[in-house]
């Protein structure tokens, strides 16, 4: 009975973590460039059950009865990096990457981070920044230096070569970064990722006046959330039933 309780409790822990991830996906359905997550579960290794109830020549001998699995555990959380849909905003400081890659931004700590959220703005110092204030990085086409993109009061336009023009003059190219292995990317909050092994890429096109939405499938996630809740409730009832039975065994059976 205790083994069955362990299996149900491990399932409940797993389902609780899964529910947290699903609800986070649903909460971010309208977050620009958000990438949905999914929890992957794995079963514990089977345990071999034996006893010494077999007697040969008057001596007890170990025999294998079968195997027992104690439930499931959390294996990993994977991120779906597929592209979200585009929405036209007609805002000249909004940009969306059509293809692979991430915008490179510089955090307040001086480190480089990566995002698919191209809903930018020009701050009071004239720099192009994210909604959280992180500076957007680009290559200065005049000096060849990677630096924070300075807009000032200039009119922004993007040509067919993904070059950012200020008042009609070629000035910057976005520092678009890509990675060979996306599994090494870590979410650090504010719709940003950190990672190693950055590669420059040209396998993209930037659309001005558009923003990329999240890739959350609200119908699938809502359905999965309901199924997850039902599975949690079923395991909860099993644990309650076993707990009630154990309580009777401990307190009622054998009472004089």
If you line up the long axis of helix 2-27 against the longest principal axis of the chain, both from Cα atoms, how many degrees apart are they, to the nearest 10?
20 degrees
Express in nm, to one decimal, how much length is gained between residue 180 and residue 204 on full extension, taking 0.36 nm for each residue of separation and deducting their alpha carbon distance.
7.1 nm
Note the angle between two axes, namely the Cα long axis of helix 218-251 and the longest principal axis of the Cα atoms of the chain, as a number of degrees from 0 to 90, rounded to the nearest 10.
30 degrees
Of the candidate values [x] 78, 34, 33; [y] 91, 55, 27; [z] 96, 38, 31, the one computed for Cα extents along the principal axes in Å from this structure is [z]
Compute the projected area of the convex hull of the Cα atoms of the stretch 15-129, averaged over all viewing directions, and report it in nm² to one decimal place.
12.9 nm²
In what sequence do 206, 78 fall when counting other Cβ within 10 Å, fewest first?
78, 206
Here the gain from full extension of residue 252 to residue 165, 0.36 nm per residue of separation minus their alpha-carbon distance, amounts to 23.0 nm
Neighbour-count ranking [beta-carbon atoms within 10 angstrom, fewest first] of 179, 86, 102
86, 179, 102
Quick one: Cα centre-to-centre distance for the stretch 110-181 and the stretch 220-247, in angstrom?
50 Å
Residue 55 to residue 245: FRET efficiency via 1/(1 + (r/R0)^6), r the Cβ-Cβ distance, R0 25 Å, to the nearest 0.05?
0.20
The stretch 36-74 residues near the modelled residue 187 label - backbone nitrogen below 15 Å, point 7 Å along Cα→Cβ
36-40
Using a Förster distance of 25 Å, how high is the FRET efficiency between residue 194 and residue 91, based on the Cβ-Cβ distance and rounded to 0.05?
0.35
Residues 127, 204 in order from fewest to most other beta-carbon atoms within 10 Å are 204, 127
Residue list for the stretch 30-52, given a label point 7 angstrom along the Cα-to-Cβ vector of residue 64 and an amide N cut-off under 19 Å:
44-52
Assuming R0 = 22 Å, can you tell me the calculated FRET efficiency for the pair residue 146 and residue 82, based on Cβ-Cβ distance, to the nearest 0.05?
0.20
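FYI, it's all coordinate maths here, none of it is from the lab. Worth saying up front: this structure is predicted, and the values here are computed from it rather than measured. Methodologically, a virtual Cβ is constructed for each residue, glycine included, from the backbone with ideal geometry; neighbour enumeration extends over all protein chains shown.
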